[in-house]
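Report on one structure; see the data block that follows.
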2 protein chains.
Amino acid sequence: MPRKINLSEKIEQLRSFHEAEGRAPSYAEMAELFGYKSKNAVYGPVKKLLQLGYLDKGSDNRVQLTTKITGSTKLLGSVQAGFPSPAEEELVDTINLDQYLVRRPEATYLLTVSGDSMIEAGIQPGDLVLVEKGGVPKQNDIVVAQLDGEWTLKYFGKDATGVYLDPANAAYTRMRPERSLSIGGIVRAVVRKYGK
Amino acid sequence: MPRKINLSEKIEQLRSFHEAEGRAPSYAEMAELFGYKSKNAVYGPVKKLLQLGYLDKGSDNRVQLTTKITGSTKLLGSVQAGFPSPAEEELVDTINLDQYLVRRPEATYLLTVSGDSMIEAGIQPGDLVLVEKGGVPKQNDIVVAQLDGEWTLKYFGKDATGVYLDPANAAYTRMRPERSLSIGGIVRAVVRKYGK
DNA sequence: CTTGTTACTGTACGATCGTTCACTTACATA
DNA sequence: TATGTAAGTGAACGATCGTACAGTAACAAG
């Protein structure tokens with residue numbers, strides 16, 4: 001039977017190395033980090049971490065850290081499930097919000113919301129919307145649209161009459177373009193930050 | 001007068017290198033990337049990019065890319081201002097959502113919201129809340145709390161009677177702990193992703 | 001033209017890189 | 001205890017790393 005290797009400890013060591021240095025360690029640095037005297041000793045653990053997706057190999061042959069290590073937030077279950085007890089030092093993966101939210105980095109922009117036209121969709125003034133340019137909006141997608149000269153945030157829709165824009169606020173009504181309508185982009189995510 | 005150097009082009013080249021390789025280039029790779037025949041030629045542009053904050057130098061002497069290059073979203077103005085014309089190829093910095101939202105990575109967790117008790121605060125079922133453990137909640141902070149055995153998302157408050165938890169839903173009422181109340185963490189941000 | 005400054009080239013250097021090989025140590029099983 | 005497998009050590013290899021130095025090319029000012 002193969003001996004048990006403490007991988008979660010090594011993952012934590014890789015996390016702190018990345019936080020301190022901002023880069024992936026070399027084999028020699030990993031040997032020192034893990035407490036080995038020879039850098040060859042890390043080939044075993046590295047192979048396992050590659051299989052588990054914690055490490056990558058680039059076009060040069062150096063190891064690269066994946067978001068499972070470099071990510072800044074640990075993904076847990078639902079609110080109902082509550083928090084894990086601080087005692088259990090389990091193997092928790094981290095994720096990267098950028099990678100989770102952004103599909104096409106070159107076409108994705110962040111805009112600040114002003115106005116309350118989408119308040120009932122949970123989009124408040126001051127929120128950030130992550131907008132992707134260039135796509136074709138589907139029914140009920142939230143879009144950034146320029147309607148008769150002014151930029152707004154609305155639900156996109158189409159019916160027999162043509163294209164329309166719906167607010168998510170009972171105080172406003174459905175709008176249809178009189179002259180021009182241009183879609184700036186489709187809202188892919190909403191981000192709200194509390195505190196200053 | 002010093003000759004003009006095209007820095008924004010080099011920044012774009014560094015962005016595409018990072019996207020392709022997932023790492024920072026060496027001096028030799030930068031020489032090839034920028035079209036120089038000698039790697040010494042890049043020392044000049046690199047020095048300027050270091051000053052402008054696009055590059056860093058690590059404890060080894062290799063260059064590191066900052067979020068101004070590796071970030072995945074470009075921060076623009078407000079929705080009202082609309083989109084910049086695609087024609088203008090200006091120097092736009094990118095930001096990193098993780099770095100923007102997360103202050104203490106080791107204490108930050110992501111939970112999925114279930115239930116509609118905070119619906120009027122713009123937090124819907126299925127949203128992700130970014131929760132920071134270990135802080136002391138202030139008046140009207142949104143917290144993950146275990147009230148009499150069950151984990152919920154509520155506004156935190158204190159008055160002469162003691163601690164209470166307020167929902168953001170007219171269908172529910174203020175609650176006060178009968179036996180125990182433990183705060184799991186403070187909600188620092190809300191993230192909603194549209195589409196699958 | 002000449003001169004001075006800057007941008008760039010080409011070569012060389014020690015250090016470190018990842019990898020390979022031979023060898024020793026540790027330990028479960030028989 | 002003896003045996004076999006895996007883990008870890010230590011030395012060596014060519015390749016690439018960042019840096020330094022001398023020299024050339026480009027160009028503005030005189």
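No value in this document is a laboratory result; all are computed from the given coordinates. Bear in mind the structure is a predicted one, so any value in this text is a computation, not a measurement. Using ideal geometry, Cβ is built from the backbone for each residue, glycine included, and neighbour counts are taken over all protein chains shown.
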- [ ] Provide an ascending nm list, one decimal, of label-point separations from A:S180 to the equivalent residue in each further copy; define each label point as 7 Å from Cα along Cα→Cβ.
- [x] 6.3
Task: For B:K158, inter-copy label distances in nm, listed shortest first [label point 7 Å out on the Cα-Cβ vector] - done: 5.6
- [ ] Using the Karplus curve 6.51 cos²θ - 1.76 cosθ + 1.60 with θ = phi - 60°, work out ³J(HN,Hα) for each residue of segment A:187-196 in order, rounded to whole Hz, and write x for Gly and Pro.
- [x] 6, 9, 7, 10, 10, 10, 10, 8, x, 5
Open item on the list: How big is the dipole moment of segment B:90-196 about its Cα centre under a simple scheme where the beta carbon of each Lys and Arg is +1, that of each Asp and Glu is -1, and everything else is neutral? Debye, nearest 20, please.
Closed with: 180 debye
Open item on the list: Can you compute the modelled spin-label distance between B:N40 and A:S59, with each label point 7 Å from Cα toward Cβ, in nm?
Closed with: 2.6 nm
Task: HN-Hα J in Hz across segment B:74-83 - Karplus 6.51, -1.76, 1.60, θ = phi - 60°, x for Gly and Pro - done: 9, 8, 10, x, 9, 4, 4, 5, x, 9
TODO: Could you pull the copy-to-copy label distances for A:G135, with points set 7 Å along Cα to Cβ, in nm to one decimal and sorted shortest first?
DONE: 3.1
